[in-house]
Structure formats: structure tokens, C-alpha cells
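So that we are looking at the same thing, I have put the structure below in C-alpha cells.
The values are calculated or read from the model by the stated rules, or taken from the named source; none is laboratory data. For clarity, every value in this text was computed on a predicted model and none was experimentally measured. We place every Cβ from the backbone using ideal geometry, glycine too, and count neighbours over all the protein chains shown.
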Amino acid sequence: MTPTTAVFREHTFELHPYGAAFWKDRSMLLVADVHLGKTAHFRKNGMAVPEQAMYKAYEKLDELCAHYEPETLCFLGDLFHSYINNEWKLFQSWVRTAKTNLVLITGNHDIIPEHKLEKLNIEIKDEWELEEFLLTHEPTDHPELFNLCGHIHPGIRLKGPAKQTLKLPCFFQKEHQLILPAFGEFTGKYVMTPTKEDKVFAVTPEEVLLVSGE
Amino acid sequence: MKHQKIIVEAENWFKQHGWKPFPFQKETWNAWLNGKHGLLNAPTGSGKTFALWVPIALSLKHYPGKTRSENTGVKAIWITPLRALSLEIAQATREFAQGLELDIEVGIRTGDTSQKERAAQRRKMPDLLITTPESLHLLLSSKNYEKQFRNCRAIVADEWHELLGSKRGVQTELALSRLKTLCKDLRIWGISATIGNLEQAREVLLGPGSTALENSVMIKAELRKKIKVSSIIPEAMEKFPWRGHLGIHLLDEVIPILKASRSTLLFTNTRAQCEIWFQAILSKYPEFAGEIAMHHGSINKETRLWVEQAIRNDSLKAVVCTSSLDLGVDFAPVETIIQIGGPKGVARFLQRAGRSGHQPGKESKIWFLPTHAIELIEASALKKAVKEKAVEDRTPYLLCFDVLIQYLTTLAVSDGFYPEEIYREIRSTFCYQGITEEEWQWVLNFITMGSQSLREYDEYRKVEVMEDGLFKVNNRGVAMRHRLSIGTIVSDAMLTVKYMKGGYLGQIEEWFISKLQPGDVFTFAGRNLELFRIKQMQVLVKRSKKKTAKVPSWMGGRMSFSSQMSDLLRSELYLANDPGSQLSPELKALAPVFERQQRESIVPGPGEFLIETFKTREGYHAIFYPFEGRFVHEAMASLLAYRISLLDPISFSIAFNDYGFELLSDQVINIEQVIDNDLFSPSYLHSDLEKSLNATEMARRKFRDIGVISGLVFQGYPDKQLKSKHLQSSSQLFFNVFRDFEQDNLLYLQAFRETFEHSLEEGRLAQALERIRTQEVIWKNCEKPTPFSFPIITDRLREKLSSEKLSDRIRKMQIQFEK
């Protein structure tokens, strides 16, 4: 698996094919829209999603943490998709084994009471200003800061010769903003229409490829 | 003899109306009274309703239940595929019951039945109930349903041919299997139009090897109706397009036919085509205003009923319609039918023809309007097919685990069920005759534990097993969601179209509306409407005076040629190549097209298999012409693309129609390699098909239905879309999760089985490949697209297949920037 390096405001980020971004200078791993708890929520309501689907996100997070050894893992919103269900127990035990600081920027789906998360030593923020960056869940325009966010689940449609088309998840970069793809397995994507100024990094299972811009 | 008395009574009633029973009606009465089950083969509007209602109603009068409790509940059930038909059937039945002074209540139970009426039915069921397969299952999901049904003596499955080849047919089989146990003295009858596999239709209805089947009859109406088939052939062939599917260029030729006929039905293949034709007639011939109407499934019910009544009253000159008017009782004033574009099935074509010339002794008249030049070959073949009555089979579904899961949940929602009893019942149906013990256990496990063993974190909740072994749903939310989801017709989310001032116009598919911006104008229900805004599940519009508008496309099912029709089509085509043969007017009219095809390539003969290649701006095209129908072509294209892609990394875009298929690539497609490597070989067919990515993509589409029917995907509460948001997911995502984590899931496997059996038609594909082996391959490298290739290469609905690395493909691609 090959990540791609990108520079925003002179800070270097590695964009990983799992849909995570690693901020090198701060040793911070960023992921958006994990949507944990969805599997259990469906099953609780009589919809038989294979239970194994639940473990995939944790496996991917573990793999990323082993690779980058980040100081901080920051979730850009929509970490937990539902009310407390039994997947919460799984999440609790995962948090206890995690060797990194955990931060959650809350999103529209995060309906777990904050004190429950804080009890697990997860730091909760509505947004987070860090140097020249503003970390949020929903895309936010700021006059000075560069915005790192999620929420949209961006995807891109590509057209090629002989009527070929492809639809892939992507990192979507505007002049002062990077929107991360959804990290969760069980999520859809929203097809973006970029302008000439935007940069699009398409995500394939193997690598992250810049498909537009410079 | 009491039977004789009953028949005389019925005959007298017929006499009062100046009618005389047809022989098939009397034959059915007798069979019924003698305790037979059976299948009645009779076309729409032939008096089939009275063939069965008469003995059912009269035997209720002459053989009433002995005790009070034997007279409660429903006595007879009439299953109809279309809600719209239920009204007419009820009306005819009531008239008859009144005429004979029978003390019988006739009721309807469909999706249109009001809450109030449902409640009344819960207190007291009508004696004769007219319903749909879905509503019947809904009744099975209500508490104490046994009581309502146990005195039922008769079930009639009307238009059984329509249900047979669908999952609604499976639903009917399941309901019958339950009622056979509940009702002591039940007679089962089906009514079917002519199809290729009538005997099988009877077996599916009554159950293979059942006593009902043993004690049954097949009655054929054998009404000799003359059908006159003509084609609308343009004067100048040069004006006739090589491609297209609308047929509007022949509008002027249609008008004299409309004027000469008392009333005409114009059948189109899609709702979009229907809207376009209606608009086109009105704008070019405004004198028809008020005399023509439109009828399709998305128009609101009141308007549809009004149109149907207006046809009967003789107050309309013409109606542009879709299959929504295929069925239904008599439209006496209709003299002529026009079929626009290929009907893709002989049975359907005959059925539509039969909607005209209803009076005894009159002939049915149907015109075929080809939408592009090559379709004239189809027209010519259709004429022969009508003469030879080469109607197709309706293939019944086997082992539909999705429908079974829905059904078991239905039973669990009402009074609960004991598996041993139900297993016996479902084993007796055609659909599930081959189910294994393991599969049955899997299904039970699926509804109780979500298809796996209990684990630490799991709190799966649907059907619970009670202490005495009863399978039951106790959770109210689960029960409510299930009742809302009963059915097997899956459609895109439908939005309601309303005027801002109020006034309901109909329903439209979400994906069309999602492409529009407020202010855009679109055509709907024959009007040009401006989109104001979308609020929850409602589309608010106002009238627009703009002339140009977008026309919604509805994703209707695409039909394919049957093998018989394909045979006829090929032999018509070969005739064109045979100088000594007598050509039909259609083929004669095609002479200029054939000449050009011959000049640029060839018109293949019986021993020849044609492949054409040429290059255009789009890339390298290779066109293959098996003339086997769309489904076989889709499979064959996918197979061939896969096999070629094994030789070298290459990406294809694939298109197909009823005549042939196209592989398009940005690289040269080496046809010599195809021939030398024997890539049309029927060996390893199944495994190659399975490996071709396309089969997975098709299975993914099949899974759309399966996910909804089996209750994995919840489509939402009507008009309460928001509340269910946390439970909504697409079946696509489910499909992916099963692919990654649970490949032995029977629902996942069913998607592939359905793909191979119903869409890819593996059996026919193998036969077609065998046939091609006996033919000589003629490869023509052409300068430019040929007349035959045109309708195929311009088709925009395409499949993809690639053996290139994803990143290599991406490097050749571009993103679409905002304009």
C-alpha cells in the first residue's frame, strides 16, 4: 500500500489508501466518518449485517497506528453512528488498548453522551484550532485557517477513452480546505464536481493518486 | 341433481342478459361442481370471470355451512396481480350476486383499501374477497388469521401467467401452501393467458405431486379470434433513422389510423415514451385536444380510473399508454391497437392485440410501429410468430430465500409458527420442493440470530423462539417495519408530485428528481411543470408555460427476446439474403438498408456468424451479431470480454441489444486472436462467467430486490422518511459486506443464481455458443459504422470490464470539471 504525500500550508501530510491522513509534524493521525456502531444498530433492529463487518474498522485503525505510531489520533466527527449498543463495549475495550491520545471533533451523528466518551479519556471538541489549521466535522470556511474536515464522504467520477468510467472515494482539496473520505466500511459516497482550482486525490485499495490539479 | 339445478340457474341469468355461456364456461362450472382443481386458459376479457365466480357463488348458496361457525370468515379469495383490476371484478361479481339474489358480500382488500374498511373487515370478513398477493400476505400477518380463513373454499389466481414468472408468484404459492392446511375443503384454480408452459403453470399453482394436481383439469377456451397484424412503413426509407427508440418520426403516419378507428390504444414500452408521444400528438395535431388521454403507472389513481371509464364510454379517440393497460376487463369501443417499438414478446403482443375488436365476430387489429430501421425485421418476424402462436414460457422462480424469509417473518408477526409444520408445507410448493434440511436450518437461523451463532456483543433481534418452540416476533418496531415492507415489487424511492396550491399529480422516481434544480421544467402527467422545491418526500411544482422540458425516465425492466422469437428473427434475416424468397412488405422496405449493409459489410446468411470492426473517435469497436436477444448478448459479451482480457491487460465498455453486442476499447481488439484461441467455446462457460466481473455487477443489481424483500434493507416509513434514517442503507452496501465477510450467505448466493438462471440465461447461452461453432465466422474490417451496428454503438447503457491495473486505468482518465 502506497500513501501519497501532500503539503498544505507548508505542513506535510501523508494521505493513506485507508482514507486516513497523517500530519507528520504533529504526529497526528486524522480519520473522518468512521460510523462505528452501525453494524450492531442494524442487527438490533432485525437487519442481519454480518457481525464480522464490525471488526474491520478496528483492524484498520490498529494497522495505521502500528505503521505511523501517532501521538494523537483525531476523529473528525461521526465516530459513533448510534446510541449506546453492545458495540460500545467493543469500542471501550479497543480504547483501553490504544497507545495514543484520542480526540473527537463531534459530528451530527455523534449522539453518545460526552461524559461517556470523556470517561474513556477521549478528549471532546466542537472544533480545534491548531497552528494554521482548523479541524472540524463539517466543512467550514475560515478567513485565515486551513480547514481539515469530513462529513461529506467525497467521491469522484472519472471518464476515460472508449466510454470508460470509474467512481472512487477521494480526498478533496479546495484552496483552504481538505475533506477526508469516509473511513467506515458501511458508508456511501457523494460524487463531487471539482473546479479547476480543486485538487482531487482518488483512493484505490492500493494507492492514493492525484487525478487533477498540479 | 343439484349440480344440474345450479347450472340451469346460471344459464337463466345469462339468458336474462341476452348472453349464452361459452362452452369453456360451462365446462369450468361442471369441473368446479365435481370438485376439481384446475387451470383455465382464457384470454383477458373473454368472460373468464364468470367461468369461476358463478359456480363459487352458487355453491355457497346451495351448500351453506351447517353451523354458525362454519359460515364465518372469508369463503372465497380472488387473487389479481393489479389493484386496478379488483374494482372491475368486484363490480361484475356484485351485479351477478344481486341478479341471483344471493346473500353474499363482496369485498376488496388491496393497498388502496382505506383504514376504515380494513377495520371493518377485521370485524367481519366479506364472503368473497378480491385481493393481491401482497395484501393476502398482509392478512396472514394479522392476529388470529386462522379464524378468518378456515372456512375458505375457493382460491382463484387470476392472470396467473403474469404472476408465474415473478416473485409474486412465489408469494402466491406460499399463501396457498398455508391455506391448504387451514381450509378443509379448498379448491384452487388459476386463470392464464396462453404461454408456452401452461402445464408447468398448473403444476406450480397446485403443487408438484400434490393430490390437488392429481385431481385437476386444464380447460382451454379456444376462442378463435382473428388477429390482423400490419406494420407502419414509412414512404421514404431514407428518412427512417438507423437508431432510436421513440418512433416520433412516424407520427404523421399514425394520424390517419387514429382518425379511421373508433378508439385506439397506443402502447409504448416506457413511461417516458408515453409522455413524449402524448405531447407530440397534441402539439402537432391540436385538434385532438380533449379526445386523447394518457395512462401509465405513475399517474394518480383517480386520473387513471377516469381514463379507463372514458374509454368504455366511447368518449376518447385515443389513449397513449404503457403496460398499465395490458390487463383489465373489456374496453368495447377499442377497435385498433398500435404497438410503438418492439414488444419483446409474442405473448404480450397477442395480449395487446386482443384489447381491440372485442365484440364477437370482430377481428383484432394491431399495427406495429418500428422505431428504427432494423426493427422492421422484428416486425416481420412478429407476424410469423403470431401466425404460429410461438408464445414464450414464463420461467417460475426456484428457492427464493428472500421471499421465504419474508414469509416466515410474516407468520411470526401474526400468531407465530412451528417450524416442523411450515417446513412440510413449503416443501410441497414448486419453488421450495428442492430445499435441503441445511438450507431450512440456515433460514431459521437467519431470522432468529441473523445467520450466525450467538456471540458476545451481538444483540440481534427479530424472530424469537419461545419456550414451547413457537417462532414469534415480540418486538413492536420489528413487527411494524415488517408489515410496511411486505411485498416483492421493489422500486426506487418514489416521491409524490404535488402542486404548490395542493392537488396530487402522481409519483416520480427519486433519482430523476435529484438531477433537477429548482426552476427546471419537466414533463409529467402530460403537463409541463416547474420544480419549486423538494420537501421531504414531496415534490412541489407549479405549471409552466415553457415549451421545452425534460422528460423523466423511469427505470422499467428491459425485456429480452425469447429463444423462439430469436429463431424467427434470424430466419427472417436470412430470407433477406436469399434471392429466391418471397419477402414481406417490411423486408422489402428495408432493401436500401440491406444494400448499404451489404456494401459496407455483409448481411449474414444461415451458415455465417458476422463480426465487424471499425475505428471511430470513441475508440476501437468490435460488433458481434448472434441475433439471440438482449439477455444472451449481455452474457456472451461479458464472457468474451473476460476471455480476451485474460490474453492482455485491456479495458472494455460493453453495449448490447436484441441483435448483437459491442466491445469498445481504447486498444485494438485482435479478432484473429479471438478466432484462433476459440474464445466462443462453450467449455468452462460457468466458471468463466462467474469470474467475469460483470456477473458480480449483475448479482449486485439482483441483490437490490433480495435485500428489500428479505428485510435487510428497510425502505422507510411512508411520508416519514426522516425518522428511519438511522436504519436506512443501500442493498449495495449489504452486498459488499456479504462479499467481504459472509460469502456463504444464501441470500448473497441467491443473487448469483438468479443472475445465471434469469438474466444471463446460461442454458440458452450454451446453446447459442454451440450454434456459433457450426457457423463460419466472417470478420469484416469496415471503414465506418454499418447500418446494423448503429443501434448498438449508440446505446448509452453500458457495462464495463477491465483487466488493467486500476491505477493504469486512472492514469488514462480525466475528471469532469464544473462548467
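Since B:LEU765 meets every condition but one in (1) away from chain A (no Cβ under 11 Å); (2) at pLDDT below 90; (3) in a helix (DSSP H, G or I); (4) surrounded by 15 or more Cβ atoms within 10 Å (Cβ to Cβ), which condition does it not meet?
(2)
Further, regarding this structure: Within the range B:658-675, which residues are more than 14 Å from every other protein chain (Cβ to nearest Cβ) and closer than 14 Å to B:ILE644 by Cα?
Across the range B:658-675, the qualifying residues are B:ASN670, B:ILE671, B:GLU672, B:GLN673, B:VAL674, B:ILE675.
Still on this model: Tell me the residue from B:PHE714, B:PHE680 that is aromatic (Phe, Trp, Tyr), touching a helix residue (DSSP H, G or I) at 6+ places or on another chain (Cβ under 9 Å), modelled with pLDDT of 90 or more and not in a helix (DSSP H, G or I), please.
B:PHE680
Which is within 14 Å of chain B (Cβ to nearest Cβ) and either over 18 Å from A:LEU135 (Cβ atoms) or touching a Pro at 6+ places or on another chain (Cβ under 8 Å) (or both), of A:LYS99, A:LYS56?
So the residue among A:LYS99, A:LYS56 that is within 14 Å of chain B (Cβ to nearest Cβ) and either over 18 Å from A:LEU135 (Cβ atoms) or touching a Pro at 6+ places or on another chain (Cβ under 8 Å) (or both) is A:LYS56.
Same structure again: Could you list all residues from the range B:641-655 that are out of contact with any strand residue (DSSP E or B) (no Cβ under 7 Å at 6 or more places or on another chain) and not acidic (Asp, Glu)?
Hits for the range B:641-655 are B:ARG643, B:ILE644, B:LEU646, B:LEU647, B:PRO649.
For the range B:742-751, which residues satisfy the criterion of being crowded, with 19+ Cβ neighbours inside 10 Å and in a helix (DSSP H, G or I)?
Those that are crowded, with 19+ Cβ neighbours inside 10 Å and in a helix (DSSP H, G or I): B:LEU746, B:LEU747, B:TYR748, B:GLN750, B:ALA751.
Further, regarding this structure: Inside the range B:674-708, can you point out the residues that are within 26 Å of A:LEU166 (Cβ to Cβ), surrounded by fewer than 19 Cβ atoms within 10 Å (Cβ to Cβ) and of a type in the set (S, T, N, Q)?
The one that is within 26 Å of A:LEU166 (Cβ to Cβ), surrounded by fewer than 19 Cβ atoms within 10 Å (Cβ to Cβ) and of a type in the set (S, T, N, Q): B:THR696.
Criterion first (among the aliphatic types (A, V, I, L, M), under 22 Å from B:HIS358 (Cα atoms) and more than 28 Å from the chain's Cα centre (by Cα)) does B:LEU258 satisfy it?
yes
Would you be able to say whether some residue in the range A:103-111 is at pLDDT 90 or above, within 30 Å of B:ILE815 (Cβ to Cβ) and away from chain B (no Cβ under 12 Å)?
There is at least one residue in the range A:103-111 that is at pLDDT 90 or above, within 30 Å of B:ILE815 (Cβ to Cβ) and away from chain B (no Cβ under 12 Å).
Matching residues to (1) crowded, with 19+ Cβ neighbours inside 10 Å; (2) not aliphatic (A, V, I, L, M):
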| site | (1), (2) |
| --- | --- |
| B:LYS228 | no, yes |
| B:LEU258 | yes, no |
| B:LYS284 | no, yes |
| B:PHE288 | no, yes |
| B:ILE299 | yes, no |
| B:ALA310 | no, no |
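Starting from the range A:66-90, keep only residues that are within 14 Å of chain B (Cβ to nearest Cβ), then list their pairs with residues that are in a loop (DSSP other than H, G, I, E, B) and aliphatic (A, V, I, L, M) whose Cβ atoms are within a distance under 6 Å, requiring at least 6 positions of separation or different chains.
Hits for this filter: A:PHE80/A:ILE112.
Can you tell me which of (1) modelled with pLDDT under 90; (2) in contact with a Gly (Cβ under 8 Å, 6 or more places away or on another chain) is the one B:PHE756 doesn't meet?
With (1) modelled with pLDDT under 90; (2) in contact with a Gly (Cβ under 8 Å, 6 or more places away or on another chain) applied to B:PHE756, the lone miss is (2).
For A:LYS159, indicate whether it is surrounded by fewer than 20 Cβ atoms within 10 Å (Cβ to Cβ) and more than 9 Å from every other protein chain (Cβ to nearest Cβ).
It is false that A:LYS159 is surrounded by fewer than 20 Cβ atoms within 10 Å (Cβ to Cβ) and more than 9 Å from every other protein chain (Cβ to nearest Cβ).
So, one more: What number goes with the only condition from (1) modelled with pLDDT under 90; (2) under 29 Å from the mean Cα position of the chain (by Cα) that B:SER231 does not pass?
Among (1) modelled with pLDDT under 90; (2) under 29 Å from the mean Cα position of the chain (by Cα), the lone unmet condition for B:SER231 is (1).
Could we say that B:PHE817 is within 34 Å of the chain's Cα centre (by Cα) and more than 19 Å from B:ARG617 (Cα to Cα) here?
When the stated conditions are applied, B:PHE817 does not pass them.
Something else about it: Looking only at residues in the range B:768-800 that are under 28 Å from the mean Cα position of the chain (by Cα) and not in a helix (DSSP H, G or I), which one is farthest from B:GLU697 (Cα to Cα)?
Looking at the filtered set, the residue picked out is B:THR794.
Output the helices (runs of 4 or more DSSP H) that fall wholly within the range B:128-247 and possess 3 or more residues being closer than 30 Å to B:ILE340 by Cβ and outside the structural domain of B:SER414 (by TED's automatic domain parsing), or say none.
Correct list: B:160-164, B:167-182.
Just name the residue that is nearest to the other protein chains (Cβ to nearest Cβ) out of those in the range B:790-819 that are of a type in the set (Ser, Thr, Tyr) and touching a helix residue (DSSP H, G or I) at 6+ places or on another chain (Cβ under 9 Å).
This residue is B:SER802.
Does at least one position in the range B:400-409 carry a residue that is over 14 Å from B:HIS137 (Cβ atoms) and without any contact (Cβ under 8 Å) to a residue 24 or more places away in the chain?
Within the range B:400-409, none of the residues are over 14 Å from B:HIS137 (Cβ atoms) and without any contact (Cβ under 8 Å) to a residue 24 or more places away in the chain.
In the range B:615-636, which residue that is hydroxyl-bearing (Ser, Thr, Tyr) and in contact with a Pro (Cβ under 9 Å, 6 or more places away or on another chain) is nearest to the other protein chains (Cβ to nearest Cβ)?
B:THR616
Every residue, every condition in (1) under 30 Å from B:PHE627 (Cβ atoms); (2) in contact with a helix residue (DSSP H, G or I) (Cβ under 8 Å, 6 or more places away or on another chain), yes or no:
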residue: B:LYS317; (1), (2): no, yes
residue: B:SER324; (1), (2): no, yes
residue: B:GLU335; (1), (2): no, no
residue: B:LEU350; (1), (2): yes, yes
residue: B:GLU378; (1), (2): yes, yes
residue: B:VAL386; (1), (2): yes, yes
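Within the range A:115-133, does at least one residue satisfy the condition of being among the aromatic types (Phe, Trp, Tyr) and in contact (Cβ under 8 Å) with a residue 60 or more places away in the chain?
yes
Looking at the range A:130-156 only, could you name the residues that are crowded, with 17+ Cβ neighbours inside 10 Å and either on the phi > 0 side of the Ramachandran plot or within 14 Å of chain B (Cβ to nearest Cβ) (or both)?
Across the range A:130-156, the qualifying residues are A:HIS151, A:HIS153, A:PRO154, A:GLY155, A:ILE156.
While we're looking at this one, here's another question. Can you give me the number of residues within the range B:25-51 that are in a helix (DSSP H, G or I) and in contact with a Ser or Thr (Cβ under 8 Å, 6 or more places away or on another chain)?
Total satisfying the criteria: 4.
Could you tell me which numbered condition B:GLN667 fails, if it satisfies all but one of (1) under 24 Å from B:MET813 (Cα atoms); (2) of a type outside the set (Lys, Arg); (3) buried (at least 19 other Cβ atoms within 10 Å of the Cβ)?
Answer for B:GLN667: the failing condition is (3).
Within the range B:98-120, how many residues are surrounded by 13 or more Cβ atoms within 10 Å (Cβ to Cβ), part of a loop (DSSP other than H, G, I, E, B) and over 29 Å from the mean Cα position of the chain (by Cα)?
4
Just give me the residues in the range A:166-205 being at the interface with chain B (Cβ under 7 Å from one of its Cβ atoms) and either touching a Gly at 6+ places or on another chain (Cβ under 6 Å) or modelled with pLDDT of 85 or more (or both), in sequence order.
A:LEU166, A:THR193, A:PRO194, A:THR195, A:LYS196, A:VAL200, A:ALA202, A:THR204
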